[in-house]
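The values are calculated or read from the model by the stated rules, or taken from the named source; none is laboratory data. Predicted model, so just to flag it, every value in this text is computed and none were measured. All Cβ positions, glycine included, derive from the backbone under ideal geometry; neighbour counts span all protein chains shown. For accessibility, only protein heavy atoms count, side chains too; no ligands or nucleic acids. Shrake-Rupley method; radii C 1.70, N 1.55, O 1.52, S 1.80 Å.
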Amino acid sequence: MKHTISILVENHAGVLSRISGLFSRRGFNIDSLAVGRTDDPEISRVTIVADGDEHTVEQLEKQLNKLIDTIKVKTLSHKELLPRELQLIKINANPQQRGEILTVCEIMGAKIVDISANTMTLEISDTPAHLMRFEELIRPYGIKEIVRTGVIAIQKGSDTIKK
Amino acid sequence: MIKAAEAMVKCLENEGVKVVFGYPGAAICPFYDELTHSDIRHVLVRREDNAGHAANGYARISGKPAVCIATSGPGATNLLTAIATAYADSVPLVCITGQVSTDQIGCDVFQEVDITGAAEPFVKNSYLIKDASQLPRIFKEAFYIAGTGRNGPVLIDVPVDIQQTMIDFQYPEKVELRTYKPTVKGNSFQIKKVCEALKISERPLICAGGGVISAKACDELRALAEKTRIPVVSTMMGLGIFPSAHPLYMGMLGMHGVRTANEAVSKCDTMILIGARVGDRAVRSPKFLAETTKIIHIDVDPAEIGKNMHVDIPLVGDCKHILQELTEKLGSAERADWLAELSEVKNTVPKEDETEGYVNPKMFIRKLSAKLSENTICVADVGQNQIWTCNNFQFKGGRFLTSGGMGTMGYSVPAAVGAKFASPDSEVVAICGDGSFQMQMMELATIVQEKIPVKIILMRNNRLGMVRELQTNLYKDNQTAIHIADGNPDFVALAEAYGIRAERVCTMAEAEAAIEHLCSSKEPYLLECNVWRNESTL
Ligand SMILES: Cc1ncc(C[n+]2csc(CCOP(=O)(O)OP(=O)(O)O)c2C)c(N)n1
């Protein structure tokens, strides 16, 4: 079962390695990890998507809370979750294919951010499921390279991680 | 403005540190240079892990974080086993390591090792100081973190150039950590639930672990048990909490424990785990307990609750507070039948045989503990010697130390040295095997040089006995890599070479005479007991 865990931490050196070390030590595979600062420059927010059963997640939350630099840990349920991921894709595209690709991008909500004689670079930001569908649609053209940021997530409605 | 190295010393002084254990090297020399201007006593060990174990013994006896010091690179890596040992047993250490100069970090220069990285999995927290002005705050935090909540080791890595930097020194009065706030008071709703469960229980049992000792809550535990007449078993780390002879005390539970304790565990209807983390050696599998047994788990570390076992009533907080509150809230009770049932098993002492030409280690430890004064600190190493000690030492009110969580061979002698520094008036006895002794025998030098009169009992069975027993029982007695007889030195001559009085005994009669020598001696003393090679722990 996939879990999305949000962690607020003090922006100190070594924090990220402590967090990722904790996951690997407790036998928890990380699917993705995204990190960036929050409105307070001293606080970073880490979003981790990982696989594991309920008991393991509970243990992990407790272990994460034990790290001295941890401010708040919250596992967001799928119902309250608003997940987003950004993806850049470079595909083969000759001048004849450009129009067709443009249509796919428009329908799927992707942008064209760069272009060369025989490639196009596309950008899309959406839920991981939507990104997968887009990737499938674009695959036939020949994918040269894909970069993903990893999932970040926020709660729906007025709730925040601090609540 | 003062040098940061001087500030380090001042930080220790501000924390009330009287003794530190260490081993120098280039990267920590500025600190050592400044230490000479202080009243803090430095104990030079003979290997860095022993500095950690000595600090471990000191911390457990003094009840405060203790300090060990090593240089960068190999000094720091030698310290790792001691850090992990302290972590496993929740012992408060502040470990200070020297580091190469900040501009060289990451260049793989001479004696550079990423020690905060290497120690990461088994420190409570660690710091690599990159800004000298932060040093006082970091020291303050380190002591605070090590010695509060669930205690544990904290590592401070100080690059050599940082030690030389001039800083404004002011020791902070308090720590400001928005993230770290250990729970002290138990949740009142949960406390009520515990009380209710205990009121209806017919066969309750307290299982006390090392956390009770860390919380300095032994008196509180005893008050609760005596008022409510609830019998008590302990984990290995909890040994000594209750006097062995106390009518409510049923011994050590677990894989290496005694029958009374294990029967109590399997027959109780409600078990209160307190300051115990349900390690696999204590409660091997939840099946060990009846399915209907209600589990109450009291611990300062929420992560321990429910980790290895299903818990019915979790209660997070400081043992001392919680025990006081429970004792107030619970009425006195009588549990005559339940206690009688357990006492019957307890009072059937198994008969021990003597083997000609050998000292029976179990009888020996009973006799020894009967002769030792009440406030004796007994330190057991790891192996059969440890199990013999745990199950036969008659605790009267002193302390028991061992490496329970990690099972680190070579712990006993350095830990005994540390314990003796913390409590110079207590008799301190280290009990070890011939294998484990050889992992720490360089510390005889420290004992002599520092004039620290610890007593050492060496159980020579010419085997790595614990592993031999395992091979006998689980590997069809295919004994391999456990024979040490051919390399064993003459231990008496060895001790004497250091100037330590030593004796060898081969019969119980000789052993009894030697016990008298040990107890009356004011000097360091080593006693080698000739133990039969096939003696078992059971
Ligand atoms: C550092 C370390 N290495 C290996 C072990 C595994 N081990 C556990 S008990 C034991 C044998 C101990 O032998 P000895 O010290 O002679 O004590 P005895 O069991 O014979 O009393 C060994 C090798 C350990 N616990 N610690």
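Residue count for the stretch A:55-106 under the criterion of being touching a strand residue (DSSP E or B) at 6+ places or on another chain (Cβ under 8 Å) and among the polar types (S, T, N, Q): the result is 5.
Scan the stretch A:29-61 for residues that are away from chain B (no Cβ under 13 Å) and in contact with a Phe, Trp or Tyr (Cβ under 8 Å, 6 or more places away or on another chain) and the total you get is 6. Could you say whether any residue in the stretch B:305-320 is touching a helix residue (DSSP H, G or I) at 6+ places or on another chain (Cβ under 7 Å), more than 14 Å from chain A (Cβ to nearest Cβ) and assigned to a helix (DSSP H, G or I)? Yes, because at least one residue in the stretch B:305-320 is touching a helix residue (DSSP H, G or I) at 6+ places or on another chain (Cβ under 7 Å), more than 14 Å from chain A (Cβ to nearest Cβ) and assigned to a helix (DSSP H, G or I). Among the strands (runs of 3 or more DSSP E) confined to the stretch B:86-168, the ones with at least 1 residues that are surrounded by 18 or more Cβ atoms within 10 Å (Cβ to Cβ) and away from chain A (no Cβ under 11 Å) are located at B:93-99, B:153-159.
Tallying residues that are open to solvent by 40 Å² or more (accessible area, probe 1.4 Å), aliphatic (A, V, I, L, M) and not in a loop (DSSP other than H, G, I, E, B) within the stretch B:442-466 yields 2. Restricted to the stretch B:409-425, and to residues there that are open to solvent by 10 Å² or more (accessible area, probe 1.4 Å) and part of a loop (DSSP other than H, G, I, E, B), the residue that is nearest to the ligand (Cβ to nearest atom) is B:MET409. B:HIS297 passes every criterion in (1) more than 14 Å from chain A (Cβ to nearest Cβ); (2) modelled with pLDDT of 95 or more; (3) open to solvent by less than 10 Å² (accessible area, probe 1.4 Å) apart from (1). Among all positions in the stretch B:513-532, there is at least one residue which is open to solvent by 40 Å² or more (accessible area, probe 1.4 Å), touching a residue at least 60 places away in the same chain (Cβ under 8 Å) and within 16 Å of the ligand (Cβ to nearest atom). Here A:LEU33 fulfils each of the conditions (1) out of contact with any strand residue (DSSP E or B) (no Cβ under 9 Å at 6 or more places or on another chain); (2) open to solvent by 50 Å² or more (accessible area, probe 1.4 Å) apart from (1). Going by the conditions given, is B:ALA380 out of contact with any Phe, Trp or Tyr (no Cβ under 9 Å at 6 or more places or on another chain), within 16 Å of the ligand (Cβ to nearest atom) and open to solvent by less than 10 Å² (accessible area, probe 1.4 Å)? Answer is no for this residue.
Looking only at the stretch B:468-477, decide whether some residue is in contact with a helix residue (DSSP H, G or I) (Cβ under 9 Å, 6 or more places away or on another chain), modelled with pLDDT of 95 or more and more than 9 Å from the ligand (Cβ to nearest atom). Looking for residues that are in contact with a helix residue (DSSP H, G or I) (Cβ under 9 Å, 6 or more places away or on another chain), modelled with pLDDT of 95 or more and more than 9 Å from the ligand (Cβ to nearest atom), one finds at least one in the stretch B:468-477, hence yes. The residue of the stretch A:80-110 that is surrounded by the most Cβ atoms within 10 Å (Cβ to Cβ), among those that are of a type in the set (A, V, I, L, M, F, W, C) and without any contact (Cβ under 8 Å) to a residue 12 or more places away in the chain, is A:LEU102.
Residues checked against (1) over 28 Å from the mean Cα position of the chain (by Cα); (2) within 14 Å of chain A (Cβ to nearest Cβ); (3) more than 22 Å from B:VAL316 (Cα to Cα):
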{"site": "B:LYS181", "(1), (2), (3)": "no, yes, no"}
{"site": "B:LEU205", "(1), (2), (3)": "no, no, no"}
{"site": "B:LYS216", "(1), (2), (3)": "no, no, no"}
{"site": "B:GLU226", "(1), (2), (3)": "no, no, yes"}
{"site": "B:THR235", "(1), (2), (3)": "no, no, no"}
{"site": "B:ILE241", "(1), (2), (3)": "no, no, no"}
{"site": "B:VAL258", "(1), (2), (3)": "no, no, yes"}
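Scanning the stretch B:488-504 for residues that are part of a loop (DSSP other than H, G, I, E, B), away from the ligand (no atom under 12 Å from the Cβ) and of a type outside the set (Phe, Trp, Tyr) yields B:PRO489, B:ASP490, B:GLY499, B:ILE500. The single condition among (1) farther than 25 Å from B:GLY152 by Cβ; (2) of a type outside the set (Phe, Trp, Tyr); (3) within 11 Å of the ligand (Cβ to nearest atom) that B:SER403 does not meet is (1).
When the stretch B:478-487 is limited to residues that are surrounded by 10 or more Cβ atoms within 10 Å (Cβ to Cβ) and within 12 Å of the ligand (Cβ to nearest atom), the one that is farthest from the other protein chains (Cβ to nearest Cβ) turns out to be B:ALA485. Within the stretch B:18-37, residues that are in contact (Cβ under 8 Å) with a residue 12 or more places away in the chain reach partners that are open to solvent by 60 Å² or more (accessible area, probe 1.4 Å) with beta carbons closer than 6 Å, at six or more positions or on different chains, in the pairs B:VAL19/B:ARG41; B:PRO30/B:GLN164. For the stretch B:30-71, residues that are out of contact with any Ser or Thr (no Cβ under 8 Å at 6 or more places or on another chain), closer than 22 Å to B:GLU112 by Cα and open to solvent by 30 Å² or more (accessible area, probe 1.4 Å) total 3.
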